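A.B. asks: Mind looking over this structure? Questions follow.
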Amino acid sequence: MTETSTRSQSAPAEAAESVEEFQARARAWLADNMPRIDPDNPPDADRGEEGPWLRARELQKKLYAGGFAGICFPKEYGGLGLPIAYQRAFDQESKAYELPIILNTPTFTICAATILDTGNEAQKQQHIGGVIRGDEILVQLLSEPSGGSDLAGVITRADRRGDKWVINGAKTWSTSAFAADYGLLLARTDWDVPKHEGLTMFLVPLDAPGITMRRIKQVDGGNEFCEEFFDDLELGDDAVVGEVNNGWEVASRQLYHERRAVGGGSEFASGIGPEGVSDQPVDYVALLAATGQSDNERVREMAGRALVRRKVQEQLIDHVYHGVLDGSLPPAAGSIIRITHAESIQFELDTALSISGSSGVVDGGDGLAQFGDRYLSRQAASLGGGTTEIARNIIGERVLGFPREPAADRGVPFKDVKRNKA
């Protein structure tokens, strides 16, 4: 089989195909069609640059043509409709190959998964099919400049004017929005009811008139995040996801998928390798050798603790995923792996920087300064999918059954809630 093979020449796996047969077919197809990764020169996957996103679209089209795209998405929307065991088999075979990993989050694991759960038939056909084919990239438009972690407190507004919805407001910290085609935007459509009851979710084309987008420069020099300003952006009823004024239900499902994705527990992710150079897991054997500490018992113990946490996280992801699937754990249990993911990432980066010492903060040409760079963004793991504090509240209230925290704005019309000026 050549690299120009088409989808019809490699048909999607039928349910009768065993995991082993599927894995063997994937192994052969990958070897013939996908570029191998050079471990010494991994592909660039800087989310703040346009090149990796164009490359991701190209690679996704290859997967679709070969019949290995959207493995766990339903067949009627362009996927294969297979259980997660097939996706994991593919992941194992594809670790040595270049894949469009950056499309996993948020396009597949959050946005497409949310549309699958809450969108109408036309939205599922267009957008789930679009991302599986490599034609669309989807992002989230949730956080606001004045909102903090209170997602339900959004003040971006959608007003009804004739047969249109008119959007005015701003969003911020939108991951890779500059590279996307559509965004899931939460806006307020009723100010006379409590904050959770007057929200609506919209699918927004990001090239529409009325949208101004700016890049955000981070402390580590990255600029993958964006902020968007909406000035009389007009949308039709076909842009509404779910029901008008029932957007919190859609947003809650979206956050459920986000926490699973951030924790590594989504069946809709394809590929398990790092996105690029800055996302490579720490190689502690190489790090100890590079710092001349291979025989240092204390440092070896530090590295061992980090590796144990990594392995425990992998096992916890599997446990929580199957627990939610068989009903022994509630869906909110996804917040467990969201928290432990953040703790594991931070523990590993802290450990790597401690081992590398001054070499981690002064570029000596030995590559160890990467750990200082990565340390600058260590807190991001505690923010994605909602803050760790919110995740702990969710576990307490929805998994352990603890009483809810008191809230002064509960049951109060949003127009009467005291809030900071935007």
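A.B. asks: Only one of (1) open to solvent by less than 50 Å² (accessible area, probe 1.4 Å); (2) under 29 Å from residue 190 (Cα atoms); (3) at pLDDT 95 or above; (4) part of a helix (DSSP H, G or I) fails for residue 249. Which number is that?
C.D. replies: (1)
A.B. asks: If I ask for residues that are touching a helix residue (DSSP H, G or I) at 6+ places or on another chain (Cβ under 8 Å) and on the phi < 0 side of the Ramachandran plot, which ones from the stretch 79-95 would you list?
C.D. replies: Across the stretch 79-95, the qualifying residues are 79, 80, 82, 84, 85, 86, 89, 90, 92, 93, 94.
A.B. asks: Among the residues in the stretch 292-302, are any of a type in the set (A, V, I, L, M, F, W, C), within 23 Å of residue 115 (Cα to Cα) and crowded, with 18+ Cβ neighbours inside 10 Å?
C.D. replies: There is no residue in the stretch 292-302 that is of a type in the set (A, V, I, L, M, F, W, C), within 23 Å of residue 115 (Cα to Cα) and crowded, with 18+ Cβ neighbours inside 10 Å.
A.B. asks: Answer yes or no as to whether residue 364 is over 26 Å from residue 148 (Cβ atoms) and open to solvent by less than 60 Å² (accessible area, probe 1.4 Å).
C.D. replies: no
A.B. asks: Can I ask one more? Within the set of pairs 6 or more residues apart or between chains, which connect a residue that is hydrophobic (A, V, I, L, M, F, W, C) inside the stretch 217-233 to a residue that is at pLDDT 95 or above and open to solvent by 50 Å² or more (accessible area, probe 1.4 Å) with Cβ atoms less than 6 Å apart?
C.D. replies: Within 6 Å, the pairs are 226/213; 226/215; 229/212.
A.B. asks: If residue 298 passes every condition in (1) modelled with pLDDT of 95 or more; (2) in a loop (DSSP other than H, G, I, E, B); (3) under 30 Å from residue 313 (Cβ atoms) but one, which one does it miss?
C.D. replies: (2)
A.B. asks: Then there's this: What strands (runs of 3 or more DSSP E) lie completely within the stretch 107-176 and have 1 or more residues being in contact with a helix residue (DSSP H, G or I) (Cβ under 9 Å, 6 or more places away or on another chain) and surrounded by 21 or more Cβ atoms within 10 Å (Cβ to Cβ)?
C.D. replies: It comes to 138-141, 164-175.
A.B. asks: Tell me, yes or no, whether the stretch 114-134 has at least one residue that is closer than 23 Å to residue 218 by Cβ and in contact (Cβ under 8 Å) with a residue 24 or more places away in the chain.
C.D. replies: no
A.B. asks: Can you tell which of 414, 402 is within 29 Å of residue 114 (Cα to Cα), open to solvent by 50 Å² or more (accessible area, probe 1.4 Å) and among the aromatic types (Phe, Trp, Tyr)?
C.D. replies: 402
A.B. asks: Any idea how many residues of the stretch 330-348 are of a type in the set (A, V, I, L, M, F, W, C), open to solvent by 20 Å² or more (accessible area, probe 1.4 Å) and over 13 Å from residue 394 (Cβ atoms)?
C.D. replies: Total satisfying the criteria: 2.
A.B. asks: On the basis of being at pLDDT 95 or above and either of a type outside the set (A, V, I, L, M, F, W, C) or under 20 Å from residue 243 (Cβ atoms) (or both), does residue 136 make the cut?
C.D. replies: yes
A.B. asks: Hand me the list of helices (runs of 4 or more DSSP H) wholly inside the stretch 301-411 holding 3 or more residues that are closer than 16 Å to residue 284 by Cβ and of a type in the set (A, V, I, L, M, F, W, C).
C.D. replies: Here the list reads 334-356.
A.B. asks: Let me ask you something else. Quick one: how many residues across the stretch 177-195 are within 19 Å of residue 46 (Cα to Cα) and either open to solvent by less than 30 Å² (accessible area, probe 1.4 Å) or part of a strand (DSSP E or B) (or both)?
C.D. replies: Looking only at that region, the number is 3.
The values are calculated or read from the model by the stated rules, or taken from the named source; none is laboratory data. Please read all numbers here as calculations on a predicted model, not as lab measurements. Because the Cβ atoms are built from the backbone with ideal geometry, glycine has one as well, and the counts that use them run over all protein chains shown. Areas reflect the complete protein model, heavy atoms only, side chains present, ligands, DNA and RNA absent. Shrake-Rupley method; radii C 1.70, N 1.55, O 1.52, S 1.80 Å.
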